[in-house]
Amino acid sequence: MKHQLLPLFDSLDNLAKNPDYVILPSADCYQDFMHCLQFLRAYSGSLGTFNSYRREAERLLQWCWLIRQKSLTALKREDIEQFVRFCQNPPVEWISTKKNPRFIEVLGKRQPNPEWRPFVCSISKFARKAGKEPSVDQFALSQGALQEIFAILSTLFNFLIAEEYLLSNPILLIRQKSKFIRKKQEKAVVRRLSLLQWEAVLEAGEQLAQLNPAKHERTRFILSILFGMYLRISEVTASPRWIPMMNDFAKDSSGYWWFTTVGKGNKERQVAVSDAILESLKRWRLFLGLPALPTPADNSPLIPRLRGTGPMSDTAPIRRLIQECFDLAVEILRKDQFHEEADYRCPAVHGRCVACTGRPAARSEERR
C-alpha cells in the first residue's frame, strides 16, 4: 500500500476547524474529501448520527482511493457491491482490536493517528472478563451493520446529488440487496432484565452512594431516572441540540410533575414523573445544596460534571458508573444465592440493557 491508511475526519468538536492536518493520498482526492466533509457538517446536530455517518463515509473514501483507485464521481452499481463485499471481509491491516482515536495532539497540533483503523474487532464484556482477547481473525460484520452501510451511503449519495457533485445514486441500482442482507422470518427475541435483577442494580447504586456519596449520589440518581423514566443515557447528558436542566422537571396546573427530554431523532417528549422519582430528585438536589424541588427559573445542569463546572456531555463516564453498579449487582445476586439471575448476560448486539446500549432493558409485566 503506497499511501498509509490514515483517518480523514476529526471529532465533531474539531470538525469546524480548517482540516489542514488531514493527509490525502493525492490532490485528486480533495473534491471527494471536501464534499463528504460538507455532508458530515450537515449532520452535526446529533453526535450518534454524526459518528455513524463519519464511519461509513471514511470507509468508502479510503476504499475508493486506496483499493478501487476511483473518485466518488466514477462509482457504479458494481463498485458499491464490491465495496460491501470488502466490508464483509476487509484485509487484516484495515482491522484493529481496539478503538483508537482518529487524531492525536502532538506538540499542540492535531495529527492523524497511525494506530487508527477503519474496522474494529470487539468482543463482549462477558468474554473479556473470562480472559478472552479480540482477534482480527474473528472480525464479522453483522446484518445490522450491513443495513447501516446501505442506508447511510444512500443518504450520502443523495446529498452529493443535491450538491450537483454526483449524477445518480448507485445504491438505488442494487435491486437485490438480499444477497447481502438476510431477512429473518422468526420474531426477534426480546431481551430484558427481570425485576429481581433491576432491584439488585438499584440496591448496588444505593450501597455505592452510602460508601462514597461524593462520587455515587449522582450514580444513584442517574440509575433511578434511567429505570423510573426509561431514558437513554444520551438523554441525561448535554449535546449540541439540548442540555438537560433542573427546570426540565416541571409541575402542571393539576399538580402532576413531568420531565421534558429531547431524544433520538431530535424529538421532544414529556415523561410522567412518579413519586419515587420525585423523591430521588429531592435527594439529589439537597445533596447538591439546592432547594428540594426546582423552579421554572432553575437552569442549573441536571447532571453536573464529575470535575469542573457545567453539564456532563460525555456519556463514557456515566457508562462506567453504570457498569460499576452492574458488576456489584452480580455480586449481590450471587451472595443472595440467585446464581441464575447473576449469570444472565445481555448480548451486545441484541441487548437493551444500560450497560450495552445506554437504555434500560424492557421492564417485566409485573413492573408495568
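The values are calculated or read from the model by the stated rules, or taken from the named source; none is laboratory data. Just so we're clear, the structure is a prediction, and the values are computed from it rather than from any experiment. Neighbour counts are summed over all protein chains in view; Cβ atoms, including those assigned to glycine, are modelled from backbone coordinates with ideal geometry. When the accessible area is computed, the model is the full protein with side chains, heavy atoms only, and any ligands, DNA or RNA have been set aside. Shrake-Rupley method; radii C 1.70, N 1.55, O 1.52, S 1.80 Å.
Selection over segment 118-130 of residues that are closer than 22 Å to residue 83 by Cα and in contact with an Asp or Glu (Cβ under 8 Å, 6 or more places away or on another chain) gives a count of 1.
Can you go through 276, 209, 214 and tell me which one is aliphatic (A, V, I, L, M) and either touching a Cys at 6+ places or on another chain (Cβ under 8 Å) or buried (at least 18 other Cβ atoms within 10 Å of the Cβ) (or both)?
Numbers: 276 fails: either touching a Cys at 6+ places or on another chain (Cβ under 8 Å) or buried (at least 18 other Cβ atoms within 10 Å of the Cβ) (or both); 214 fails: either touching a Cys at 6+ places or on another chain (Cβ under 8 Å) or buried (at least 18 other Cβ atoms within 10 Å of the Cβ) (or both).
Going through 276, 209, 214 in turn, just one is aliphatic (A, V, I, L, M) and either touching a Cys at 6+ places or on another chain (Cβ under 8 Å) or buried (at least 18 other Cβ atoms within 10 Å of the Cβ) (or both): 209.
Sub-6 Å Cβ pairs linking a first residue in segment 198-212 that is in contact (Cβ under 8 Å) with a residue 12 or more places away in the chain to a second residue that is among the hydroxyl-bearing types (Ser, Thr, Tyr) and assigned to a helix (DSSP H, G or I), at least 6 apart or interchain, are 205/219; 208/219, ordered by first then second residue.
Scanning segment 50-76 for residues that are of a type in the set (S, T, N, Q) and touching a helix residue (DSSP H, G or I) at 6+ places or on another chain (Cβ under 9 Å) yields 52, 62, 71, 73. If you go through segment 234-255 and keep only what is in contact (Cβ under 8 Å) with a residue 60 or more places away in the chain and surrounded by fewer than 15 Cβ atoms within 10 Å (Cβ to Cβ), you end up with 240, 241. Residues in segment 53-74 that are more than 18 Å from residue 6 (Cα to Cα) and among the hydroxyl-bearing types (Ser, Thr, Tyr): 73 only. Just one of (1) among the hydrophobic types (A, V, I, L, M, F, W, C); (2) assigned to a helix (DSSP H, G or I); (3) over 21 Å from residue 327 (Cα atoms); (4) touching a residue at least 24 places away in the same chain (Cβ under 8 Å) fails for residue 286. It is (4). Of the residues that sit in segment 282-340 and are closer than 25 Å to residue 263 by Cα and among the aromatic types (Phe, Trp, Tyr), which one is modelled with the highest pLDDT? Result: 284.
Results for (1) modelled with pLDDT under 90; (2) under 22 Å from residue 174 (Cβ atoms), shown as yes or no for each residue.
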site	(1), (2)
1	yes, no
4	yes, no
11	yes, no
25	yes, no
31	no, no
40	no, no
85	no, yes
91	no, no
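Just to be sure, is residue 33 open to solvent by less than 10 Å² (accessible area, probe 1.4 Å) and out of contact with any Pro (no Cβ under 9 Å at 6 or more places or on another chain)? No; evaluated as a whole, the condition is false for this residue.
The sole residue among 193, 293 that is assigned to a loop (DSSP other than H, G, I, E, B), of a type in the set (A, V, I, L, M) and under 30 Å from residue 47 (Cβ atoms) is 193.
Do you know which residues across segment 130-149 are within 22 Å of the chain's Cα centre (by Cα) and farther than 22 Å from residue 38 by Cβ? Steps first, answer last, please.
Here is the first cut: in segment 130-149, the residues within 22 Å of the chain's Cα centre (by Cα) are 134, 139-149.
The answer is 134, 139, 140, 141, 142, 143, 144, 145, 146, 147.
So which residues in segment 114-147 are in a loop (DSSP other than H, G, I, E, B) and surrounded by 15 or more Cβ atoms within 10 Å (Cβ to Cβ), if there are any at all? Within segment 114-147, 116, 117, 118, 121, 122, 123, 124, 134, 139, 141 meet the criteria.
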